[in-house]
1. What distance in nm separates the simple spin-label points at residue 163 and residue 84, each placed 7 Å from Cα in the Cβ direction?
2. Is the shape of the range 36-190 rounded, prolate or oblate, going by the alpha carbon gyration tensor and its root eigenvalues a ≥ b ≥ c, with a/c under 1.5 for rounded and a/b larger than b/c for prolate?
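Just so it is clear, none of the values below were taken in a lab; they were calculated from the coordinates. Remember, it's a predicted structure, so these values are computed and weren't measured experimentally. Using ideal geometry, Cβ is built from the backbone for each residue, glycine included, and neighbour counts are taken over all protein chains shown.
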Amino acid sequence: MRIRLIMGIGILIIVLAIVYRVFYGIPSKMVADHHFDLSEYYSHQGNWSMAVKEMRKALEYDPHYVQARDGLAALYDENGLQTQAEEVYLKGLALDPKSEFLHYQLASFYQLHKRYPEAIQQMLYCLKLKPNNINDLLVLALLYDRNRQYPEAIQALKRRSALAPNDDLSLHDIARIEREMRASTTRKPVTHPNPNSGSARLHPVSSHTAN
C-alpha cells in the first residue's frame with residue numbers, strides 16, 4: 001500500500017511537471033521570441049523607443065534570452081546610452097556567469113569604446129571557459145596590442161601558434177608587434193585601426209554561439 005502511494009505521488013509530480021512545462025515554459029519562450037521579432041521590426045523601421053520596449057518585454061518573459069539581452073544593449077549603445085548598455089550585459093552575466101557569448105559581446109562593447117583593460121578581462125573569462133579557443137587567443141592578442149601590452153600580446157599569439165602550428169597568422173602578428181615594440185622605444189607614434197571600423201571589431205564571432 002505504501003509503495004503504491006509513493007508511486008502515485010511520483011506520477012503526480014511528473015504529470016504536474018509536464019503540465020507546468022507545457023503551459024508556462026514553452027509559451028513563455030514563444031512569447032519572448034514574438035517580442036524579440038517585434039523589436040527587430042521596430043528597429044528596422046527606426047522606431048527606437050518601441051524597439052527598446054519590445055526587447056525589454058522579451059527579457060521579462062525569458063531573462064536568460066542572451067540574443068535579446070545583446071539586442072537591448074546594442075539599442076542603448078547605438079543611442080549613446082553606454083551606461084545602460086553595460087548594465088544590461090552585467091545583469092545578464094549575473095544570471096549566466098558562464099555565458100561565453102555574453103562575455104564576448106561585453107568585450108566587444110568595451111573594445112569599441114576603447115576600454116581595453118576591461119575588454120581584456122572579458123576575453124580572459126572566455127578563455128577560462130574554453131582555454132584552447134584559438135579565435136579568442138587572437139582577439140586577446142589584438143586587445144593587448146591596442147593596450148600596448150606587447151609582451152602579453154606576443155605570449156597569447158605564441159600560445160595560439162602552438163595550438164595551430166600550420167597557421168602563419170600568429171607568426172606574422174608576432175613580427176608586427178615586435179616592430180611596434182621597437183618603435184615605442186624610439187618614441188615613434190604607433191597607429192591603430194579606427195576602433196569603429198570593420199577591421200577593428202573583434203573577430204571572428206562565429207565561434208561564440210548564443211545558447
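1. My value for the distance between the label points is 3.7 nm.
2. Values: a/c = 2.83, a/b = 1.98, b/c = 1.43.
Prolate is the answer for the range 36-190, as a/c is 1.5 or above and a/b outweighs b/c.
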